[in-house]
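The values are calculated or read from the model by the stated rules, or taken from the named source; none is laboratory data. Quick caveat: nothing in here was measured; it's all calculated off a predicted structure. So basically every Cβ, Gly included, is an ideal-geometry build from the backbone, and we count neighbours across all protein chains shown. Calculation scope for accessible area: heavy atoms of the full protein, side chains included, ligands and nucleic acids excluded. Shrake-Rupley method; radii C 1.70, N 1.55, O 1.52, S 1.80 Å.
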Amino acid sequence: MSDVVLVLNAGSSSIKFSVFEAEGENLPLFSGQVEGLYTAPKFTAKSAIGTRIGDREWGDGTALGHEGAIAHLIEFFRQQLAGHKIIAVGHRVVHGGLAFAQPVRVDADVVAALRKLSPLAPLHQPHNLGPIEIVAKLQPTLLQVACFDTAFHRRQPELAQAFALPASITDRGVRRYGFHGLSYEYIASVLDQFDARAASGRTLVSHLGNGSSMCAMVGGQSVASTMGFTALDGLPMGTRCGSIDPGVLLYLMDEMGMDARAIEDLLYKQSGLLGVSGVSSDMRVLLASDDPRAAQAVDLYVYRLVREMGSLAAAAGGVDALVFTAGIGEHSAAIRERACRDAAWLGIELDPVANQSGGPRISTAASKVSVWVIPTNEELMIARHAMKISQAAG
Ligand code: ADP
């Protein structure tokens, strides 16, 4: 009977899960999700080699909710994992605030402390915490571990975390936290398998997915990131605006009569690639489109990406390596090529053939900066943290 670790990533309308072996190489066993939790719930699961092992739909208008979904998943795990033992559940939690600079074993006090951070991430934090409480109720003795998207950035220099605001506001926790930390931590953990200089030196990592951000690392530690107080800052994303002059918000309020909720909807859901193109938030669709507004959205995405590279290079004091990861970073040779071409001044020389075939190394041997495509694996990072805490707990 082998031990396994379960990883849960709960959002407002979906719960994603993965199961890993707790021993050896931590091989993935299966993964899946329940989506449309409050509209048209749909459960799918596939094995590590992609075979469908679970399917269920509840029909339009069924409010299965988080609790119903977890109850279904527990039943599914019971069948799939007969002969295995779940030794820990690792949860992705977006915000650890200032206090949680590493993963933590969850108990009622920790949940209460994390709930207090909900105003810092109202769209995510409550949904991340809900399943922790549901699992605690259903399986009170099961070890649960919270892993934070902010934690990897907590050791950034103070200056990199500061806004130029009065101390009375900074003291309320209004500062740059940075996100996608589990992805960056995973990349940092595998960098030396690709390039010893990237692992010990100054490396810019571009996590380009629906949510996009960049992180500057020195010796595998975060020194600066493009996301700040929220996951809105920095690069334009699928539907989020990225960095914006705060004066725009005053204009939206004063001149357009928009309230906080309307602005939230605009900046989180109607902006970015979708807002500029009016076509789609999906990079694949934009790259295939001949609509000039789609081209404009892609141009802006690349322009901002390259500007942020310059900013992060300054924060790191130079660049030895550049890494592309996540959906766009791993799969779009076109975006990588354009970004590397426009950032040639940093000392980047792309190998177009290696770039087309997906790397891992996509820069020439002569390139001053080595450039890599490295698939991220946030779930495995969470599983490893949960296993470590489980081992420490005996
Ligand atoms: P999330 O942030 O939701 O985890 P992903 O990391 O899966 O997102 O990235 C999704 C993005 O990756 C989408 O914009 C999608 O179009 C893009 N993407 C995936 N494959 C390709 C590809 N072959 N070419 C261009 N973009 C791609």
Exercise. Between beta-carbons, use under 13 Å as the cut-off and find the net charge around Arg307, counting Lys and Arg +1, Asp and Glu -1.
Key: -2
Quiz item: Sequence-distant or interchain residues sharing an amide H contact under 5 Å with Ala224, placed H: which?
Solution: Ala216
Practice problem: For an R0 of 22 angstrom, estimate the FRET efficiency from the Cβ-Cβ distance between Glu349 and Ala196 and round to the nearest 0.05. | Solution: 0.65
Self-check item: Most fluctuating residue given options Ser14, Ser363, Ser289, as computed from a GNM of the chain linking Cα atoms under 10 Å
Solution: Ser289
Quiz prompt | the chain, relative contact order [Cα under 8 Å, separation at least 6], % | solution = 13
Practice problem: Report the residues of the stretch 305-332 in range of a label on Glu158: point 7 Å along Cα→C-beta, backbone N strictly under 19 Å from it. | Solution: none
Quiz item: So how much slack lies between Ser2 and Gln79, counting 0.36 nm per residue of separation and subtracting their Cα-Cα distance, in nm?
Solution: 26.2 nm
Quiz prompt | Amide H within-cut-off set for Met258, under 5 Å, with H built and near neighbours excluded | solution = Met253
Quiz item: Of Met256, Ala288, Leu267, whose Cα points farthest to the positive end of the dipole of the stretch 226-371 (charges on the beta-carbon: +1 Lys, Arg; -1 Asp, Glu; origin at the Cα centre)?
Solution: Ala288
Quiz item: Taking a probe of 1.4 Å, how large is the accessible area per residue of the chain, in Å²?
Solution: 45
Quiz item: ³J(HN,Hα) across the stretch 360-370 via Karplus (A = 6.51, B = -1.76, C = 1.60, θ = phi - 60°), whole Hz, x for Gly/Pro?
Solution: x, 8, 10, 9, 6, 5, 8, 4, 5, 9, 7
Exercise. Please compute the net charge surrounding Gly327, taking Lys and Arg as +1 and Asp and Glu as -1 over other residues with Cβ under 12 Å from its Cβ.
Key: -1
Quiz item: How much net charge surrounds Val4 when only the other residues with a Cβ under 11 Å from the Cβ of Val4 are counted, with Lys and Arg +1 and Asp and Glu -1?
Solution: -2
Practice problem: For the stretch 264-272, just list the computed ³J(HN,Hα) in residue order, Karplus coefficients 6.51, -1.76 and 1.60, θ = phi - 60°, integers in Hz, with x standing in for Gly and Pro. | Solution: 4, 4, 4, 6, 8, 10, 10, 10, x
Self-check item: DSSP loop trypsin sites (Lys or Arg not before Pro) with at most 14 other Cβ within 10 Å: longest gap in the chain
Solution: 173-367
Quiz item: Out of Ile362, Ile134, Ile382, any idea which swings most in a Gaussian network model of the chain, alpha carbons joined below 10 Å?
Solution: Ile134
Exercise. Report the one residue of Tyr303, Ala386, Leu235 whose Cα lies farthest in the direction of the positive end of the charge dipole of the chain (charges on C-beta: Lys and Arg +1, Asp and Glu -1; origin at the Cα centre).
Key: Ala386
Practice problem: Quote the FRET efficiency, to the nearest 0.05, computed for Gln102 versus Asn26 with a Förster distance R0 of 30 Å and r equal to the Cβ-Cβ distance. | Solution: 0.95
Practice problem: Heavy atoms only, probe 1.4 Å: what % of the accessible area of the chain goes to carbon and sulfur, would you let me know? | Solution: 54
Quiz item: Can you tell which of Glu337, Glu349, Glu264 shows the greatest fluctuation in a Gaussian network model of the chain with Cα springs below 10 Å?
Solution: Glu264
Quiz prompt | Contour minus Cα-Cα distance for Val285 and Ala260 (0.36 nm per residue) | solution = 5.9 nm
Practice problem: Work out how much length Ser189 to Phe229 would gain on full extension: take 0.36 nm times their residue separation and subtract the Cα-Cα distance, in nm to one decimal. | Solution: 11.9 nm
Quiz item: In nanometres, what is the gap between the two model label sites at Ala392 and Gln270, each 7 Å from Cα along Cα-to-Cβ?
Solution: 4.6
Exercise. Read phi for every residue in the stretch 248-262 and hand back ³J(HN,Hα) as whole Hz from Karplus 6.51 cos²θ - 1.76 cosθ + 1.60, θ = phi - 60°, with x for Gly and Pro.
Key: 5, 5, 5, 4, 4, 6, 6, 9, 10, x, 7, 9, 4, 5, 5
Quiz prompt | In nm, spacing of pseudo-spin labels at Ser13 and Arg52 (7 Å Cα→C-beta vector) | solution = 2.2
Self-check item: 14 Å reach of a label modelled at Val111, 7 Å along Cα-to-Cβ, counting backbone N of the stretch 52-73
Solution: 67
Practice problem: Can you tell me the 0 to 90 degree angle between the C-alpha axis of helix 65-80 and the longest principal axis of the chain, rounded to 10? | Solution: 70
